[in-house]
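**Student:** Here it is: the structure, laid out below.
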Amino acid sequence: MLSMGFSAFAVDVPPGTNNLQAAINSAAPGETLNLQAGTYFVSSTITLNKQITLQGVGMGTIIQKTNGAAADVAAIVIPNGVNGCTLKDFRLLGQDQGGPGIMVFSNSNSLINVNVSDCGNNSANGPGSWRAGILLEGAEDNVLTDVKSHHNSWVGISQHSSPGTTITGADCFLNHGEGLTIDLGSHNCVVTNSLFNENNVSTRGVGGIGIDDVNNATIQYCTINDTHNLHGITFQNNVGGEDGCVITNNTINNSSQNGIRIRNCTYAVTNTTIGQNSYTGNGSADVYWECDEPTAFLGQQEMQVLKIYPNPAVDVVSVDFGQAAINGFELLSITGQQVLTIDSEKLAGNTIDISGISAGVYIYKVSHNHGTTTGRLVIK
């Protein structure tokens, strides 16, 4: 019999074997399941069948897979239609068992300080994406903050048809495929202040980060180092092209081949911003366009004049885009909610009044005649 302690909005669940699903089934929507220090063994999928929070105490809380190497069984699934869940402060050990660690099929969920490792096994028959640490499939507007995903059989964080994802402070390393993929309609993904080091160990992916068939993907203030076998960032374009992607202010070192490789062949790559990145020790060209470099490409020299200042800011922020023509400004919360939007006609003097916005960390998006520039703005 499951023994649980109850408070007004929380349930304490003791460590055990396959006991988490019963606790979820018994919980009311909106409740928090407090996982204690210790190991929770799971041989079948834990399904969050209502909006709840699953919260541990940090790395002392361990969810450990025991389903077997050949069985494609995810440890945790947030299914379609169950929105607004939170997974927080625990470690998930895949133990090289078949299937991914966490699968998300729904919207507006948060993964915070979750450490996922050793998920997936090539003896299982499922697709490569099912060997990822974290998989977003058909999910929208999810937020990943301070997550780690490492030593997985394929990808650290995999996204398919999942627009609006915000990833901040991630650490993906020593995955056998990419550290991160942004694929197949995962538009408007913003990745900032994250680490993607020593990925593609077994050449199961296209490099450290893979991008395919998406628009307005933004990667800024990230470190992509020591990518095995291929490239730091790859615009793969097996399925479709990309428009409006922004790759700026990153450190990309010691890739086996290119720092950034863009396949502009069968499918076009347009309105791309690549600039102010730091490169050292890559095996081949830092930025390489396979086939043709497009004319609508905002490169390093032009990017040096683009400024949002001061940052941190109080009351007013200025936008200086040099020779670029600004079309609009948008400010989003770290969870992707729109806080402010201004069209070009109201950007008089290129100054923006932020005096009515609460202090915090925000994501800005500025559209201009070269594409879109995205970054982080701190308001005091």
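Here, each number is a calculation from the coordinates, and none is a lab measurement. Remember, it's a predicted structure, so these values are computed and weren't measured experimentally. Positions of Cβ are backbone-derived with ideal geometry, glycine not excepted, and every protein chain shown enters the neighbour counts.
**Student:** Just to check I understand the Karplus step: with θ = phi - 60° and J = 6.51 cos²θ - 1.76 cosθ + 1.60, what whole-Hz values come out for segment 223-233, glycine and proline as x?
**Tutor:** 10, 10, 10, 6, 5, 7, 6, 10, 10, x, 10
**Student:** Got a sec? How would ILE112, ILE308 order by Cβ neighbour count within 10 Å, fewest to most?
**Tutor:** By the 10 Å Cβ count, ascending: ILE112, ILE308.
**Student:** Near HIS176, within a Cβ-to-Cβ distance under 13 Å, what is the net charge of the other residues, with Lys and Arg +1 and Asp and Glu -1?
**Tutor:** Value of the local net charge: -2.
**Student:** Please work through the chain and write down the cysteines that have no neighbouring cysteine Cβ at a distance under 4.7 Å.
**Tutor:** CYS85, CYS119, CYS172, CYS189, CYS222, CYS245
**Student:** Which ordering of GLU178, GLU242, GLU290, GLU31 is given by a fewest-first count of other beta-carbon atoms within 10 Å?
**Tutor:** GLU290, GLU31, GLU242, GLU178
**Student:** Using the count of nearby Cβ atoms within 10 Å as a rough guide to exposure, how do LEU111, LEU93 rank from fewest to most?
**Tutor:** Final ranking by Cβ density, sparse to dense: LEU93, LEU111.
**Student:** Under 13 Å Cα-Cα from LYS50, which aspartates and glutamates qualify once same-chain neighbours fewer than 8 residues away are excluded?
**Tutor:** GLU31
**Student:** Distance from the Cα centre of segment 163-214 to that of segment 229-279, in angstrom?
**Tutor:** Rounded to whole Å, the Cα centres lie 12 Å apart.
**Student:** Calculate for the chain the 222 nm mean residue ellipticity that helices alone would give, adding -39,500 (n - 2.57) per DSSP H run of length 4 or more and normalising by residue count, nearest 500 deg cm²/dmol.
**Tutor:** Helix contribution divided over all residues of the chain: -500 deg cm²/dmol.
**Student:** Mind giving me the nanometre distance, one decimal, between the label points for ALA70 and ASP320, set 7 Å out from Cα along Cα→Cβ?
**Tutor:** 6.5 nm
**Student:** Another question about this same structure. How far apart, in nanometres, would the label points at ASN83 and VAL201 be if each is projected 7 angstrom from Cα along the Cα-to-Cβ direction?
**Tutor:** 3.8 nm
**Student:** A follow-up question, please. Just want to confirm a number: the relative contact order over the chain, from Cα pairs under 8 angstrom separated by 6+ residues, in percent.
**Tutor:** 8 percent
**Student:** Let me ask something else. Check the straight Cα-Cα distances from LYS346 and name the lysines below 25 Å, setting aside those fewer than 8 residues away within the same chain.
**Tutor:** By straight Cα distance, LYS346 reaches LYS307, LYS365, LYS380.
**Student:** For GLY240, list long-range residues whose amide hydrogen, built 1.01 Å from N in the peptide plane, is under 5 Å from its own amide hydrogen.
**Tutor:** ASP213
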